[in-house]
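Before any comments, here is the structure.
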Amino acid sequence: MGELSKAFGKELKDLRILMVDDNGSMRLLLRTMLNTFGVTYMRQAHDGTEGLAELDIYDIDLVISDWEMQPMNGREFIRRVRAVGNEPVCFTPIIVLTGHASRSLITEAFEIGATHLLVKPVTPSSLLHRIGWVLNDDREFEVSGNIYRQPMIIQDSAMRRGKTEKIRTWAID
């Protein structure tokens, strides 16, 4: 495909961020942290439906979305954002927030197009680390079925033992 994330190469202070979370306290916490980092342009949505509407209206560089929301959860929100035919919005990086980071949830989130994942409770350091990762992420998007996603190849523990095999996996640390 050859497309890069809409946040790639930008400065933190220049980001236009959309927070999608049904918890007002979490949105306030994120807004406070982002403000501390120098981010001034922030939009908010209470669930995936509102998030999609915001993305239709505003030019957003990065989405931070909760996984468990009502009525439209993070899973459905990401699928709709990443849908083939939703260009160029589909290239907006998405950091998923979750309090339940099971292996199956992590795998699913990345398989449907999450850019990164952040486990609650969120700290300023962990949020800043994930955003920095997104700003420097030069992985190109690829079509996988009817969605866009970015592949990631990292080394597993077998690599540290001297084997050369690489596996497709995702890290949350």
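Summary of values
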{"quantity": "Tensor-based shape of segment 83-132 (alpha-carbon gyration tensor, a/c under 1.5 rounded, otherwise prolate or oblate)", "calculated": "oblate"}
{"quantity": "TYR41 long-range amide H proximity, modeled H, under 5 Å", "calculated": "ILE17"}
{"quantity": "All-pairs alpha carbon distance profile, segment 1-72, 5 Å steps from 0, percent", "calculated": "3, 17, 26, 23, 19, 9, 3, 0"}
{"quantity": "Most mobile of ASP56, ASP66, ASP22 in a GNM of the chain (Cα contacts under 10 Å)", "calculated": "ASP56"}
{"quantity": "Candidates GLU68, GLU142, GLU111: whichever shows maximal mean-square fluctuation once the chain is modelled as a Gaussian network with Cα springs under 10 Å", "calculated": "GLU142"}
{"quantity": "Whole-number accessible area per residue in Å² for the chain, which is evaluated in the context of all protein chains at 1.4 Å", "calculated": "49"}
{"quantity": "Antiparallel DSSP beta bridges within the chain, as percent of all bridges there, nearest 5", "calculated": "25"}
{"quantity": "Calculated diffusion of segment 47-119, Stokes-Einstein form, Kirkwood radius summed over Cα pairs, 37 °C and 0.692 mPa s, µm²/s", "calculated": "271"}
{"quantity": "Proximal charge balance of TYR41 [Cβ under 10 Å; K/R count +1, D/E count -1]", "calculated": "0"}
{"quantity": "Stokes-Einstein D in µm²/s, Kirkwood radius over Cα pairs - the chain at 25 °C with 0.890 mPa s viscosity", "calculated": "151"}
{"quantity": "Accessible carbon and sulfur surface of the chain relative to its total accessible area, %, 1.4 Å", "calculated": "50"}
{"quantity": "Relative contact order, percent, the chain [alpha-carbon distance under 8 Å, six or more residues apart]", "calculated": "23"}
{"quantity": "Student exercise, segment 1-119 dipole from Lys, Arg, Asp, Glu Cβ charges, in Debye to nearest 20", "calculated": "240"}
{"quantity": "Stretchable slack from SER144 to TYR41, in nm (0.36 nm times residue separation minus alpha-carbon distance)", "calculated": "33.9 nm"}
{"quantity": "Kirkwood estimate for segment 111-151, i.e. one over the average of 1/r between Cα atoms, Å", "calculated": "11.5"}
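The values are calculated or read from the model by the stated rules, or taken from the named source; none is laboratory data. Only a predicted model underlies this, so the values are computations on that prediction, with no experimental measurement involved. Positions of Cβ are backbone-derived with ideal geometry, glycine not excepted, and every protein chain shown enters the neighbour counts. The accessibility values were calculated without ligands, DNA or RNA, using every heavy atom of the protein model including side chains. Shrake-Rupley method; radii C 1.70, N 1.55, O 1.52, S 1.80 Å.
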